[in-house]
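Asker: Before we start, here is the structure in question, set down as structure tokens.
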Amino acid sequence: MKEINMDIVCKSCDGTGLYVGMAEHDGAAVVCSTCKGTGCQKFTFQYEDFVSRRFKVGVKRVFQANPGISIGESPPHQIRLEDFGGMPISDWLNDKVFEPGMENRKYTCPAWWYQSADYKNKPDWEECSSALGVSFSRCKHFPNKNRCWQRWDKEFIEF
């Protein structure tokens, strides 16, 4: 383990040595507890030199993102990891890139998925704007999200 030590401007008091919080007002201040009034904060950063990507034990499948859905299998495998999209860990370790079709298409729509995964690919469709302030799963089009995915494939995938 390597370590870098440095003196930095105290983040709590902005180098003044005095702290003004919610309880201090009308010109009151207290001695900063982080730097003890010096304005100087001791900062230590510990690190290891990067050599290569490490292996994560137990991982079978890798997903580009998680839009807030619990991902896992349910016994007796009524729900499989593949149901959530993604790719096998072996593909990811071999630097395969995520491609259309690897999204979580079974449980999300394109707007929901790409809000987390890659915002530039999030569709800006009028139908989606009618769901503002409503969770994606409550959108009136969500039960037919396969149609939204078909439209996304036509509009976003470069052939």
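Asker: Determine the shape class of the stretch 2-47: with a ≥ b ≥ c the square roots of the Cα gyration tensor eigenvalues, call it rounded for a/c under 1.5, and otherwise prolate if a/b is greater than b/c, oblate otherwise.
Answerer: The shape class here is prolate.
Asker: Would you tally the net charge around T44, using a Cβ to Cβ cut-off of less than 12 Å, leaving T44 out, and scoring K and R as +1, D and E as -1?
Answerer: 0
Asker: Mind counting lysine pairs for me in the stretch 9-159? Cα separation below 24 Å, and the two need to be 8 or more apart along the chain or on different chains.
Answerer: 22
Asker: If you take the beta carbon distance between T38 and E155 as r and set R0 to 41 Å, what does 1/(1 + (r/R0)^6) give as a FRET efficiency, to the nearest 0.05?
Answerer: Efficiency at R0 = 41 Å is approximately 0.10.
Asker: Also, I was wondering about something else. If neighbour count is taken as other Cβ atoms inside 10 Å, put Y119, Y19 in order from fewest to most.
Answerer: Lowest count first: Y119, Y19.
Asker: Still on this structure, please answer the following. In whole percent, what relative contact order does the stretch 61-156 give with Cα contacts below 8 Å and a gap of six or more residues?
Answerer: 25 percent
Asker: For labels at S74 and D26 in the simple 7 Å Cα→Cβ model, what's the distance in nm?
Answerer: 6.0 nm
Asker: Counting only helical runs of four or more DSSP H residues, what would the 222 nm mean residue ellipticity of the chain come to if each run contributes -39,500 (n - 2.57) and the total is spread over all its residues?
Answerer: Taken over the chain, the calculation gives -4500 deg cm²/dmol.
Asker: Which residues in the stretch 55-80 have a backbone N closer than 16 Å to a point placed 7 Å from the Cα of K96 along the Cα-to-Cβ line?
Answerer: In the stretch 55-80, the label zone of K96 (backbone N under 16 Å from the point 7 Å along Cα→Cβ) covers 59-65.
Values in this text are rule-based calculations from the coordinates and carry no lab data. Note that the structure is a prediction, hence the values are computed from the model and not measured. Cβ: placed from backbone, ideal geometry, glycine included. Neighbour counts: every protein chain shown.
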